[in-house]
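Here is the structure we will look at.
The values are calculated or read from the model by the stated rules, or taken from the named source; none is laboratory data. This is a predicted model, so every value here is computed, not measured. For neighbour counting, all protein chains shown are included, and Cβ atoms are generated from backbone atoms with ideal geometry for every residue, glycine included.
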Amino acid sequence: MNKNILTKIIINLLLLLFVVVWVLPTFGLFVSSFRDKDLLATSGWWTTFNTNEVNEIYRTKTFEDQIEENGKFFIKGNLLVKNSGKKVISYGITSKEMNKYKINEKAILKNKSEIEISENGEYVWKSDEPFKHERGKRIFITALSPPKFTLDNYKEVLFKEGIGQAFLNTLTVAIPSTIIPLIICSFFAYALSWMKFWGRDTLFALIVASLVVPLQMCLIPLLSIYNDVGALFNIGAKSYPGVWMAHTGFGLASTTFLLRNFIKSLPNEMIEAARVDGATHYDIFLRIIIPLSVPAFASVFILQFLWVWNDLLVGLIFLDQVPSEIILTAKLRELLGSRGENWEILTTGAFVSMTVPLFIFFALQRYFIRGLVAGSVKG
Amino acid sequence: MTTTSFFLYVFLGIVVCFSYFHLSNLALDFFSEKNSNNFSKKSVLRPYIFIAPAFIILVIFILYPVVETLRLSFFNKTGFEFVGIKNYVWAAKDPEFKRAILNNLGWLLVVPTLSAFFGLVIAYLADKLWWGTIAKSIIFMPMAISFVGAGVIWKFVYDYRGPGDDQIGFLNAVVVSLGFEPQAWMTIPIWNNLFLMAIMIWIQTGLAMVIFSAALRGIPKEMIEAARIDGASEFKIFTSIIIPYLEKTILVIWTIITILVLKIFDIILAMTNGQWNTEVLANLMYDWMFRGGGDSGRGSLMAIVIMIGVIPIMIWNIRRHKEDEKS
């Protein structure tokens, strides 16, 4: 009996280990996208929930703000931004000795004036002589900063970095690239399943073969066709309709294959009965097949939509890399090159690009898994 | 493009699609009714109305390009001058190409094996626990996101800061906390390939897991019970009953992931762009499509090499479907 319990515990722990390893990278990205960009650059995301020690530089006010009391001169103020929640623990007046003084300990400057800083960032600078400095004195502080979350990264990424536009571009690519093949291939799949015509079996074998043909086999000739067509009509070779057609072409085999397998599995008697009643194949397709195939359509729709949404290669080759056409994945890749160290932009941008797939994943998991598993053979 | 014109385009596209099918079918009904031998004519013509658009697209976007790519691989960089096997001879001597082939072989060896292995183990474990469904759902999640997105996620994990600084990459933070020196993982030849492969394994394990999970349910419970009564350990049951039973499923998963790995592109382009000896065929091909004004001969050759890797699987697939059709 003991052995059984031990096995159970091991199984639980092992699976938990897998789950943790699998979820941590994404979780780190998610948390980071809400962090302050300065903190993000200097400390790991796992410290987000801790109170962090930060080193910052501030300047005092200038001579204009001095007040005179009993023959002494004072400059008073607060170094910290209001409501920052930070607490000063130590400070210094030269960059070499940034932590020389504890709070409420007096720092004495060369000219005998004294500075004193308290925990909440308030400072008093006292001198026997009038102040003359025109730039504020630099003060180095070490402070404790409480966990803080912000939507600033999202604002910046969506509106300044062009991710918002790229998001719309991707949507412009993805919706027609999903609906067009779905319409065309459903007719094709029906013909392959229930109509008799010359060369049907060969055509189906061709579809099965096309399933695994690597995209790379088609790129160079297609690009030159696109260039020729563009030159012929004196328009740009790269355009949205061009990308829709390319995605239709590359998704054709898998969409047809999946729909055909489903439509073929519908009961023979039903279709025969309709034929006997004088219905044409077109009637049968509209009135019987489409209503019955809704779940299959849902799976295929999701599969193709996600494939297009996540695609990089087709978007790179058949669209211009300009703000009005660049898709999310291409934009992210560009940012990885140009802003490789700006993690606030990268993490947030990546997360924005994942919102739609993740939404589909959580909302339509059943169709999603069915579609992905059935369609995973796509070349 | 503005939002209104976008919706207009989309709407028009879809209307054109539908009206083609609707009008051509109506026309067929209309004209053949006047004919005496209408029924046969209708049933002869209608299939071609159904298949025409898809067939035309198939020819333009898949069949013609495949033949053309094969032709181009024997032509010079502009595609106008026949050069025989010159491109292939060049490739055999090119160190970059050799590196890409070796790396692709490495990917082929490691990624399908480990993805299938982890997928099977997780599916098996999850089947036994009440929270298994949740676990499976979490592990499947990376399948939903793009390779580039996954690239960003993992680039963050692999991030490197100098030894004195606080590490913000998770991997280096762990390494440092264990008392070792932090490493710039992406720049260490050979090892960096493994770190890139880890990304693909992270993604594909979910797929393997879901397929295995379905297959596991097909194993007769009595068989496992019997083994358990005979005193077989969990591990023994797993290796001697489950794995042999899943042989065919393992083969299917292996082929799926193999095809994906042959074409691996996005991850490399986003993470290293082939630097530090991480070049792969698909990325090298993309490079040659544009390098020096583009070389369609060399680019095509690389596509052909990827294709050669796929052909055995293609033949196996067609055979399998022919058998399915018969039964």
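For region A:302-325, which residues satisfy the criterion of being closer than 13 Å to A:GLY162 by Cα and either small (Gly, Ala, Ser) or surrounded by 22 or more Cβ atoms within 10 Å (Cβ to Cβ) (or both)? Let's see the steps before the verdict.
Restricting attention to region A:302-325, the residues satisfying the condition of being closer than 13 Å to A:GLY162 by Cα are A:321-325.
Result: A:SER324, A:GLU325.
For region A:310-331, what are the residues that are of a type outside the set (Gly, Ala, Ser), within 30 Å of A:ALA41 (Cβ to Cβ) and in contact (Cβ under 8 Å) with a residue 40 or more places away in the chain?
Answer for region A:310-331, where residues must be of a type outside the set (Gly, Ala, Ser), within 30 Å of A:ALA41 (Cβ to Cβ) and in contact (Cβ under 8 Å) with a residue 40 or more places away in the chain: A:ASN310, A:PRO323, A:ILE326, A:ILE327, A:LEU328, A:THR329, A:LYS331.
Given the structure, is A:ALA174 small (Gly, Ala, Ser), more than 10 Å from chain B (Cβ to nearest Cβ) and part of a helix (DSSP H, G or I)?
Values: small (Gly, Ala, Ser): yes; more than 10 Å from chain B (Cβ to nearest Cβ): yes; part of a helix (DSSP H, G or I): yes.
So A:ALA174 fits the description; yes.
Identify all residues within region B:154-174 that are in contact (Cβ under 8 Å) with a residue 12 or more places away in the chain and not in a loop (DSSP other than H, G, I, E, B); write none if there are none.
B:TRP154, B:LYS155, B:PHE156, B:VAL157, B:PHE170, B:LEU171, B:ASN172
Quick check on B:MET223: is it assigned by TED's automatic domain parsing to the domain that holds B:LEU129 and either in contact with a Gly (Cβ under 8 Å, 6 or more places away or on another chain) or crowded, with 16+ Cβ neighbours inside 10 Å (or both)? Spell out how you get there, then give the answer.
Working: assigned by TED's automatic domain parsing to the domain that holds B:LEU129: yes; either in contact with a Gly (Cβ under 8 Å, 6 or more places away or on another chain) or crowded, with 16+ Cβ neighbours inside 10 Å (or both): no.
No, not satisfied.
Would you check if there is a residue in region A:342-362 being over 22 Å from A:LEU313 (Cβ atoms) and modelled with pLDDT under 85?
The answer is no; no qualifying residue exists.
Does A:LEU332 meet the test of being more than 7 Å from chain B (Cβ to nearest Cβ) and not basic (Lys, Arg)? Let's see the steps before the verdict.
On the way: more than 7 Å from chain B (Cβ to nearest Cβ): no; not basic (Lys, Arg): yes.
Here the answer is no, as A:LEU332 does not meet what is asked.
Being more than 25 Å from B:VAL157 (Cβ to Cβ) and polar (S, T, N, Q) is the filter here, so list the residues in region A:346-373 that pass it. Steps first, answer last, please.
At the first step, the residues of region A:346-373 found to be more than 25 Å from B:VAL157 (Cβ to Cβ) are A:363-371, A:373.
Of everything in region A:346-373, just one residue is more than 25 Å from B:VAL157 (Cβ to Cβ) and polar (S, T, N, Q), namely A:GLN365.
Among the residues of region A:253-268, is there at least one that is within 27 Å of the chain's Cα centre (by Cα) and either at pLDDT 90 or above or outside the structural domain of A:PRO323 (by TED's automatic domain parsing) (or both)?
Taking region A:253-268 as the starting set, the residues that turn out to be within 27 Å of the chain's Cα centre (by Cα) are A:254-255.
When the remaining residues are screened for being either at pLDDT 90 or above or outside the structural domain of A:PRO323 (by TED's automatic domain parsing) (or both), the result is A:254-255.
Within region A:253-268 (the criterion being within 27 Å of the chain's Cα centre (by Cα) and either at pLDDT 90 or above or outside the structural domain of A:PRO323 (by TED's automatic domain parsing) (or both)), the answer is yes, since at least one residue qualifies.
Please list, ordered by residue number, the helices (runs of 4 or more DSSP H) wholly in region B:221-319 having 3 or more residues that are farther than 23 Å from B:THR187 by Cα and more than 9 Å from chain A (Cβ to nearest Cβ).
Values: elements: B:221-229, B:234-237, B:247-262, B:266-271, B:281-290.
Qualifying helices (runs of 4 or more DSSP H): B:221-229, B:234-237, B:247-262.
Could you please let me know if B:GLY151 is in contact with an Asp or Glu (Cβ under 8 Å, 6 or more places away or on another chain), within 30 Å of A:GLN365 (Cα to Cα), of a type outside the set (Phe, Trp, Tyr) and in a helix (DSSP H, G or I)? Before the answer, list the steps.
Values: in contact with an Asp or Glu (Cβ under 8 Å, 6 or more places away or on another chain): yes; within 30 Å of A:GLN365 (Cα to Cα): yes; of a type outside the set (Phe, Trp, Tyr): yes; in a helix (DSSP H, G or I): yes.
Taking the combined requirement at face value, the residue satisfies it.
Suppose the filter is in contact with a helix residue (DSSP H, G or I) (Cβ under 9 Å, 6 or more places away or on another chain), assigned to a helix (DSSP H, G or I), touching a residue at least 40 places away in the same chain (Cβ under 8 Å) and more than 10 Å from chain B (Cβ to nearest Cβ); does A:GLY236 pass it? Working first, answer last.
Details: in contact with a helix residue (DSSP H, G or I) (Cβ under 9 Å, 6 or more places away or on another chain): yes; assigned to a helix (DSSP H, G or I): no; touching a residue at least 40 places away in the same chain (Cβ under 8 Å): yes; more than 10 Å from chain B (Cβ to nearest Cβ): yes.
No.
Is it the case that A:ILE75 is free of Cβ contacts under 8 Å to residues at least 12 places away in the same chain and touching a Phe, Trp or Tyr at 6+ places or on another chain (Cβ under 6 Å)? Give the derivation first.
Working: free of Cβ contacts under 8 Å to residues at least 12 places away in the same chain: no; touching a Phe, Trp or Tyr at 6+ places or on another chain (Cβ under 6 Å): yes.
So A:ILE75 does not fit the description; no.
Quick check on region A:62-100: of everything there that is assigned to a loop (DSSP other than H, G, I, E, B) and β-branched (Val, Ile, Thr), which residue is nearest to A:LYS112 (Cα to Cα)? Full working, then the answer.
Within region A:62-100, the first condition is being assigned to a loop (DSSP other than H, G, I, E, B), and the residues that meet it are A:62, A:66, A:70-71, A:79-86, A:93, A:95-96, A:98-100.
Then drop every residue that is not β-branched (Val, Ile, Thr), which leaves A:62, A:81, A:93.
Details: A:THR62: 17, A:VAL81: 28, A:ILE93: 13 Å.
The extreme case among them is A:ILE93.
Could you please let me know if B:VAL59 is among the hydrophobic types (A, V, I, L, M, F, W, C) and more than 10 Å from chain A (Cβ to nearest Cβ)?
Details: among the hydrophobic types (A, V, I, L, M, F, W, C): yes; more than 10 Å from chain A (Cβ to nearest Cβ): no.
The answer is no for B:VAL59.
Looking for something free of Cβ contacts under 8 Å to residues at least 24 places away in the same chain, among the β-branched types (Val, Ile, Thr) and under 23 Å from B:THR133 (Cα atoms) - is there at least one such residue anywhere in region B:211-233?
Within region B:211-233 (the criterion being free of Cβ contacts under 8 Å to residues at least 24 places away in the same chain, among the β-branched types (Val, Ile, Thr) and under 23 Å from B:THR133 (Cα atoms)), the answer is yes, since at least one residue qualifies.
Residue by residue through region A:197-229, note down the ones that are within 7 Å of chain B (Cβ to nearest Cβ) and not in a helix (DSSP H, G or I).
Those that are within 7 Å of chain B (Cβ to nearest Cβ) and not in a helix (DSSP H, G or I): A:PHE197, A:VAL212, A:VAL213, A:PRO214, A:LEU215.
Please work out if B:VAL111 is without any contact (Cβ under 8 Å) to a residue 60 or more places away in the chain and part of a helix (DSSP H, G or I).
On the way: without any contact (Cβ under 8 Å) to a residue 60 or more places away in the chain: no; part of a helix (DSSP H, G or I): yes.
Considered against the rule, which asks whether it is without any contact (Cβ under 8 Å) to a residue 60 or more places away in the chain and part of a helix (DSSP H, G or I), B:VAL111 comes out as no.
Counting only residues that are under 20 Å from A:THR94 (Cβ atoms) and modelled with pLDDT under 80, how many does region A:135-150 have? Give the steps one after another, and end with the answer.
Taking region A:135-150 first, the residues under 20 Å from A:THR94 (Cβ atoms) are A:135-143.
Next, from what is left, pick out any that are modelled with pLDDT under 80: none.
Residues in region A:135-150 being under 20 Å from A:THR94 (Cβ atoms) and modelled with pLDDT under 80: 0 in total.
Which residues, counting only those in region B:204-220, are of a type in the set (A, V, I, L, M) and more than 9 Å from chain A (Cβ to nearest Cβ)? Can you show your working first?
If we filter region B:204-220 for residues that are of a type in the set (A, V, I, L, M), which is where we start, we get B:207-211, B:214-216, B:219.
If the condition is that a residue be of a type in the set (A, V, I, L, M) and more than 9 Å from chain A (Cβ to nearest Cβ), then B:ALA208, B:MET209, B:ALA215, B:LEU216, B:ILE219 are the ones that fit.
Take B:PRO189 and decide whether it is more than 7 Å from chain A (Cβ to nearest Cβ), in contact (Cβ under 8 Å) with a residue 24 or more places away in the chain and not in a helix (DSSP H, G or I).
Numbers: more than 7 Å from chain A (Cβ to nearest Cβ): yes; in contact (Cβ under 8 Å) with a residue 24 or more places away in the chain: yes; not in a helix (DSSP H, G or I): yes.
Spelling it out, B:PRO189 is indeed more than 7 Å from chain A (Cβ to nearest Cβ), in contact (Cβ under 8 Å) with a residue 24 or more places away in the chain and not in a helix (DSSP H, G or I).
Within the group B:ALA126, B:ALA100, which residue is on the phi < 0 side of the Ramachandran plot, in contact with a Lys or Arg (Cβ under 6 Å, 6 or more places away or on another chain) and buried (at least 19 other Cβ atoms within 10 Å of the Cβ)? Write out each step before concluding.
On the way: B:ALA100 fails: in contact with a Lys or Arg (Cβ under 6 Å, 6 or more places away or on another chain).
Checking each option against the conditions leaves just B:ALA126.
Right, A:ALA274: in a helix (DSSP H, G or I), more than 13 Å from chain B (Cβ to nearest Cβ) and within 30 Å of B:ILE304 (Cβ to Cβ) or not?
Values: in a helix (DSSP H, G or I): yes; more than 13 Å from chain B (Cβ to nearest Cβ): yes; within 30 Å of B:ILE304 (Cβ to Cβ): no.
Here the answer is no, as A:ALA274 does not meet what is asked.
Going residue by residue through region A:245-267, is there one that turns out to be exposed (fewer than 15 other Cβ atoms within 10 Å of the Cβ), part of a helix (DSSP H, G or I) and not charged (D, E, K, R)?
No, because not a single residue in region A:245-267 is exposed (fewer than 15 other Cβ atoms within 10 Å of the Cβ), part of a helix (DSSP H, G or I) and not charged (D, E, K, R).
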